[in-house]
Amino acid sequence: MSKTILITGASSGIGRSTAHLFAAKGYQLILTARREDKLHQVIAEIQARYPVDILPLIFDVQDARQVQEAIQSIPTERFPTIDVLLNNAGLALGMGPIDQGDLNDWDTMIDTNIKGLLYVTKAVVPTMKSQGYGHIIQIGSTAGKVVYQNGNVYCATKHAVDALNQSMRIDLLPYGIKVSAVNPGACETEFSLVRFKGDENRAKSVYDGFQPLGPDDVAQTILYLAELPAHVCINDVTLTCLDQANAIYLQK
Ligand code: NDP
Ligand code: 8X3
């Protein structure tokens, strides 16, 4: 029987690359995002290459009711198991000193990166408990290990992901559910375009002068964790490109 991975934020970047890679390995996919057109584009690309079953779910992870209804709508005859949950949907908005922060940006980051991850996890865990196995993989960040200037609230949300990753692993220990985090450094996706609210020049300049990670590099790490023997759980892994040492030290 094929395994199934549920990926939040599969319409772009790391989620999209992970969907491609797991499809290549024969996984069935449950792919979620808010932008229906972008998600359907990703699904069409994958279906042109791999004969896998794919279920799109369109919802906003910030909305607990939408999350619950979407997860409950998964047809269990088509997708009898959820083997891997990739908690990937997330974003940064803005970058500046704490006293100049935008309250809406703060709320959106907290509601997406922390509360959204919690809502999806709570909705999926009952399935994994009843299976007696499963693997929850969070996308954290180097920003969840060390804070950097003007990164305040985004860094705080990723530190929270690190804390939740540790505590979920304890809580889910009795149920055979693995819990891991993958913490990437700078990775060229739509991340900076979102952070700088569509300013393409500013977004592009983030990756000038060095070779950042690509989303495929992160996807390969996620696959490595997911394919380990049943008794092995990598708790967390931090990966950066060669020019980056941590969230602060980046050589351009
Ligand atoms: P992208 O902007 O390319 O992808 C983000 C994905 O998250 C999109 O598919 C987006 O889909 C989805 N998303 C955002 N908000 C919501 C929401 N409220 N509800 C549902 N889906 C949502 O960026 P990345 O691929 O880089 O980001 C993926 C994760 O990686 C994030 O958690 C980010 O913090 C983390 N990360 C990124 C790094 C980087 O340098 N790029 C480094 C370290 C961590 P849609 O808009 O269609 O809803
Ligand atoms: C994304 C990486 O350095 O922009 O989490 O915060 S960074």
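Just so it is clear, none of the values below were taken in a lab; they were calculated from the coordinates. Fair warning: this is a prediction, and the values are worked out from it, not measured in the lab. Cβ sites come from the backbone with ideal geometry, for glycine too, and all protein chains shown count toward neighbours.
Say R0 is 45 Å: what FRET efficiency, to the nearest 0.05, do GLN72 and VAL232 get from their beta-carbon distance?
Working: r = 32 Å, r/R0 = 0.70.
According to the calculation, E is roughly 0.90.
Taking every DSSP beta bridge with both residues inside the chain, roughly what % is antiparallel (nearest 5)?
Working: 1 of 29 bridges.
Restricted to the chain, the bridges split so that about 5 percent are antiparallel.
What does the charge dipole of region 48-117 about its Cα centre add up to, to the nearest 20 debye, if the Cβ of each Lys and Arg holds +1 and the Cβ of each Asp and Glu holds -1? Numbers along the way, then the final one.
Values: 4 positive and 11 negative charges, 67 e Å.
Its charge dipole is roughly 320 debye.
Mind jotting down a quarter of the surface of the convex hull over the alpha carbons of region 200-250, in square nanometres, one decimal? Could you put the intermediate results ahead of the total?
Numbers: hull surface 18.4 nm².
That works out to 4.6 nm², a quarter of the Cα hull's surface.
If you line up the long axis of helix 36-47 against the longest principal axis of the chain, both from Cα atoms, how many degrees apart are they, to the nearest 10?
With rounding to tens, the tilt is 60 degrees.
Enumerate the lysines that LYS38 could reach by cross-link, defined here as Cα to Cα under 27 Å, with residues fewer than 8 away along the same chain left out.
LYS3, LYS25, LYS115, LYS122, LYS158, LYS197, LYS204
Testing the spin-label approximation: label points 7 Å from Cα along Cα→Cβ at ALA64 and VAL147. State their distance in nm.
Calculated label separation equals 2.7 nm.
Lys/Arg Cβ at +1, Asp/Glu Cβ at -1, dipole of the chain taken about the Cα centre: which of PRO184, ALA23, THR8 is farthest positive-ward?
ALA23
Skipping prolines and chain starts, which residues have an amide H placed within reach, meaning under 5 Å, of the one on LEU85, given they are 5 or more residues away or on another chain?
Here LEU6, HIS135, ILE136, ILE137 satisfy the definition.
Name the residues whose placed amide hydrogens come within less than 5 Å of the amide hydrogen of ASP236, ignoring near sequence neighbours (fewer than 5 apart) on the same chain.
Correct list: ALA181.
Calculate how steeply helix 117-131 sits against the longest principal axis of the alpha-carbon atoms of the chain, using the helix alpha-carbon long axis, and give the answer as 0 to 90 degrees to the nearest 10.
Helix 117-131 sits roughly 20 degrees off the main axis of the chain.
Determine the gain in length on full extension of the stretch TYR249-GLN211; use 0.36 nm per residue of separation and subtract their C-alpha separation, reporting nm with one decimal. Walk me through the numbers on the way to the answer.
Numbers: separation 38, 0.36 × 38 = 13.68 nm, distance 1.43 nm.
Gain on stretching TYR249 to GLN211: 12.2 nm.
Along the positive direction of the dipole of the chain (beta-carbon charges: Lys, Arg +1; Asp, Glu -1; about the Cα centre), which of PRO174, TYR224, THR240 reaches farthest?
Result: PRO174.
In degrees from 0 to 90, rounded to the nearest 10, what is the angle of the helix 215-226 Cα long axis to the longest principal axis of the chain?
40 degrees
When the chain is fully extended, how far beyond the present Cα-Cα distance does ALA163 get from GLN41, taking 0.36 nm per residue of separation?
Values: separation 122, 0.36 × 122 = 43.92 nm, distance 3.43 nm.
Separation in residues times 0.36 nm, less the Cα-Cα distance, equals 40.5 nm.
Assigning unit charges at the beta carbon (Lys, Arg +1; Asp, Glu -1) and nothing else, what dipole magnitude in debye, to the nearest 20, does region 197-252 show about its Cα centre?
Details: 4 positive and 8 negative charges, 43 e Å.
That gives a dipole near 200 debye.
Can you tell me the dipole magnitude for the chain around its Cα centre, using point charges on the Cβ only (Lys, Arg +1; Asp, Glu -1), in Debye to the nearest 20?
I would put it at about 440 debye.
Rounded to the nearest 5, what % of the DSSP beta bridges within region 125-252 are antiparallel ones?
Working: 1 of 12 bridges.
DSSP beta bridges in region 125-252 are roughly 10 percent antiparallel.
State the extension gain, in nm to one decimal, for the chain segment bounded by ASP171 and LEU242, taking 0.36 nm per residue of separation less the distance between their alpha-carbons. Please report the intermediate quantities before stating the final value.
Values: separation 71, 0.36 × 71 = 25.56 nm, distance 3.53 nm.
In short, 22.0 nm is gained.
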